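Engineer: Sharing a structure here in structure tokens format.
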Amino acid sequence: MIRSSASEMASALAQGEITSLALTQLHLDRIASVDKDVHAFLHIDTEGALAQASAVDAKRAKGEKLSPLAGVPLALKDVLAQKGVPTTCGSKILEGWRPPYDSTVVAKLKKNDIVILGKTNMDEFAMGSSTENSAYGPTHNPWDLSRIPGGSGGGSAASLAAFEAPLAIGTDTGGSIRQPAAVTGTVGVKPTYGGVSRYGLVAFSSSLDQAGPCARTVLDTALLYEAIAGHDAKDATSINAPVPQVVAAAKSGDVKGMKIGVVKELNGDGYQPGVRARFEESLELLAKAGAEIVEVSCPNFEYALAAYYLIAPSECSSNLARFDAMRYGLRVGDVNGASAEEVMNLTREVGFGREVKRRIILGTYALSSGYYDAYYGSAQKVRTLITQDFTAAFTKADVLVSPTCPTTAFKIGEKSNDPLAMYLNDIATIPVNMAGIGGMSLPSGLADEDGLPVGFQIMSPVMKDERMYSVGAALEAALLSKWGAPILSKVPALGGRA
Ligand code: GLN
């Protein structure tokens, strides 16, 4: 049962073939047997999950009308506040903090009776592409434990690939949902910015951050998106418009007559041969399914990475100022006679990791008087140019596509001492965040040279999220007939009970 999709689990629950309590226990057992190797979780909420599962079983027994994913377990990225449950953002500075409230995403999950198993590991404050920046140690990729599971949401993606959970929530500022999905052979979607409320999502870069669904199939991400999406008065950037009907799109998976634009700038020599081969193959499959493949050019994407690494650190330097040792989590050096400033300095020195400090320093510099226009101001102009490139490209194509990232999963430690090499992982995912549009990554197969999963990225215009679900579902179906089984069925069993 734990290898089924969330939709299959939901129908087994609806048919009375299994209870949510039993299903939740199966996943807790799986976590107990494999998570010492994978380390996808920072906190497992056994009691809370079992209580939620019993409650939904009771509702079902009474014949109450339940939501489509009611009773199905989920892994939650540790950047979203859940009332009474530790929320660390992968940082020592928040150790011991239990939020007094639920984020809107969590409130919606609870309202839909989706069972929250626990909090997943991540790069500290979502800054990173490998989950190695977690203060609690790295997560390991279930395909090869010596490799990274992507980041920052490596824990969420690894929990899916290790069959510890059929659903997960991630957040994506520059690729943190899509890049982990790509390197773990799972599906991850960054919705249109403003499609899912950011209330209770601990802010990294507020103008880019977006929570979204992660799962093992396109339909499962669609079901989860509809559960968490929608306008929220508590988030001023939340879009007040009808939620895109992505479940219907994922179910029909119809691409006949659709124009699919290959972004010339995101498919060049810098991409691993196996990544390019799977990408070309997927394009052929989509053409066979009735789509028209066209080429588009987005010349300003060249500057996206540089602009992102000014905007994101700038916003982070402002957002992280709230961790002042007074209100949340860690407090160091609070002894007789110590001034508030000394306590604050010492706490930040001990509480923040290297990458977070690097970004706070970069961002503070970029925002400082005299430099603001040259750095932050120019980056904002580049952002406008990128949005214009997308707008022009979307007049020629309904969706745009590219490989999700240039390579398959690299070894743990391989890029830790080279921040630029790490940043380059997100070269194909960052433009999507800069323009606030939607982006999905789904597995397109395994690379010939290393047998590791490769991601295929689909991008859709603002609030036209349903388009990427149609294309994703069509490609998933075509790949299933080509490979004869879901790509994830080839993942090692990890010696645990499966
Ligand atoms: N890897 C990128 C960064 O380090 C993106 C992270 C994210 O999307 N949260 O900023």
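The values are calculated or read from the model by the stated rules, or taken from the named source; none is laboratory data. Note that this is a predicted model, so its numbers are computed, not measured. So basically every Cβ, Gly included, is an ideal-geometry build from the backbone, and we count neighbours across all protein chains shown.
Engineer: Given the structure, is Arg467 part of a helix (DSSP H, G or I), within 24 Å of Val263 (Cβ to Cβ) and in contact with an Asp or Glu (Cβ under 7 Å, 6 or more places away or on another chain)?
Structural biologist: yes
Engineer: Within the stretch 245-267, can one find any residue that is acidic (Asp, Glu) and either in a loop (DSSP other than H, G, I, E, B) or farther than 29 Å from Leu208 by Cβ (or both)?
Structural biologist: Yes, some residue in the stretch 245-267 is acidic (Asp, Glu) and either in a loop (DSSP other than H, G, I, E, B) or farther than 29 Å from Leu208 by Cβ (or both).
Engineer: Checking Asp123 against (1) more than 26 Å from Tyr309 (Cβ to Cβ); (2) under 15 Å from the mean Cα position of the chain (by Cα), which test does it fail?
Structural biologist: Result: Asp123 passes all but (1).
Engineer: Please report, ordered by residue number, the helices (runs of 4 or more DSSP H) entirely within the stretch 327-441 with at least 2 residues that are exposed (fewer than 14 other Cβ atoms within 10 Å of the Cβ).
Structural biologist: 340-351, 354-366, 378-396, 419-423
Engineer: I've got another one for you. Quick test for you: out of Val356, Val350, Val382, pick the one residue that is within 15 Å of the ligand (Cβ to nearest atom), out of contact with any Pro (no Cβ under 8 Å at 6 or more places or on another chain), at pLDDT 95 or above and of a type in the set (Val, Ile, Thr).
Structural biologist: After applying the criteria, what remains is Val356.
Engineer: Let me ask another. Ser238 - would you say it is part of a loop (DSSP other than H, G, I, E, B), over 14 Å from the mean Cα position of the chain (by Cα), within 16 Å of the ligand (Cβ to nearest atom) and at pLDDT 95 or above?
Structural biologist: It is false that Ser238 is part of a loop (DSSP other than H, G, I, E, B), over 14 Å from the mean Cα position of the chain (by Cα), within 16 Å of the ligand (Cβ to nearest atom) and at pLDDT 95 or above.
Engineer: Is it true that Gly200 is away from the ligand (no atom under 16 Å from the Cβ), on the phi > 0 side of the Ramachandran plot and modelled with pLDDT of 95 or more?
Structural biologist: yes
Engineer: Right, next: Against the condition within 15 Å of the ligand (Cβ to nearest atom) and of a type in the set (D, E, K, R), how does Glu95 come out, does it pass?
Structural biologist: When the stated conditions are applied, Glu95 does not pass them.
Engineer: Can you pull out the residues in the stretch 33-57 that are in contact with a Gly (Cβ under 6 Å, 6 or more places away or on another chain), surrounded by fewer than 20 Cβ atoms within 10 Å (Cβ to Cβ) and part of a helix (DSSP H, G or I)?
Structural biologist: Ser33, the sole residue that qualifies.
Engineer: Within the stretch 340-382, how many residues are hydrophobic (A, V, I, L, M, F, W, C), farther than 26 Å from Glu302 by Cα and touching a helix residue (DSSP H, G or I) at 6+ places or on another chain (Cβ under 8 Å)?
Structural biologist: Residues meeting the conditions: 2.
Engineer: Okay, next question. Restricting attention to the stretch 8-24, report how many residues are over 18 Å from Ala161 (Cα atoms) and not in a loop (DSSP other than H, G, I, E, B).
Structural biologist: 8
Engineer: Here is a further query. Within the stretch 470-498, can you find the residues that are within 22 Å of Ala409 (Cα to Cα), of a type in the set (Val, Ile, Thr) and assigned to a helix (DSSP H, G or I)?
Structural biologist: Within the stretch 470-498, just Ile487 meets the criteria.
Engineer: Run down Arg30, Arg60 and say which single residue is touching a Gly at 6+ places or on another chain (Cβ under 9 Å) and either assigned to a strand (DSSP E or B) or farther than 22 Å from Thr120 by Cα (or both).
Structural biologist: Arg60
Engineer: Would you mind finding the one in Ser207, Ser252, Ser238 that is in contact with a His (Cβ under 7 Å, 6 or more places away or on another chain) and surrounded by fewer than 24 Cβ atoms within 10 Å (Cβ to Cβ)?
Structural biologist: Matching residue, one of Ser207, Ser252, Ser238: Ser238.
Matching residues to (1) of a type outside the set (S, T, N, Q); (2) in contact with a His (Cβ under 8 Å, 6 or more places away or on another chain):
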site	(1), (2)
Asp35	yes, no
Phe41	yes, no
Thr46	no, no
Gln52	no, no
Val72	yes, no
Asp78	yes, yes
Pro86	yes, yes
Pro100	yes, no
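Engineer: Take Ala75 and tell me if it is farther than 30 Å from Lys411 by Cα and either assigned to a strand (DSSP E or B) or touching an Asp or Glu at 6+ places or on another chain (Cβ under 9 Å) (or both).
Structural biologist: no
Engineer: Which is touching a Ser or Thr at 6+ places or on another chain (Cβ under 6 Å) and of a type outside the set (Phe, Trp, Tyr), of Ala428, Ala392, Ala473?
Structural biologist: Ala428
Engineer: Considering only the stretch 141-156, I want to know if a residue exists there that is over 21 Å from Ile430 (Cα atoms) and within 15 Å of the ligand (Cβ to nearest atom).
Structural biologist: no
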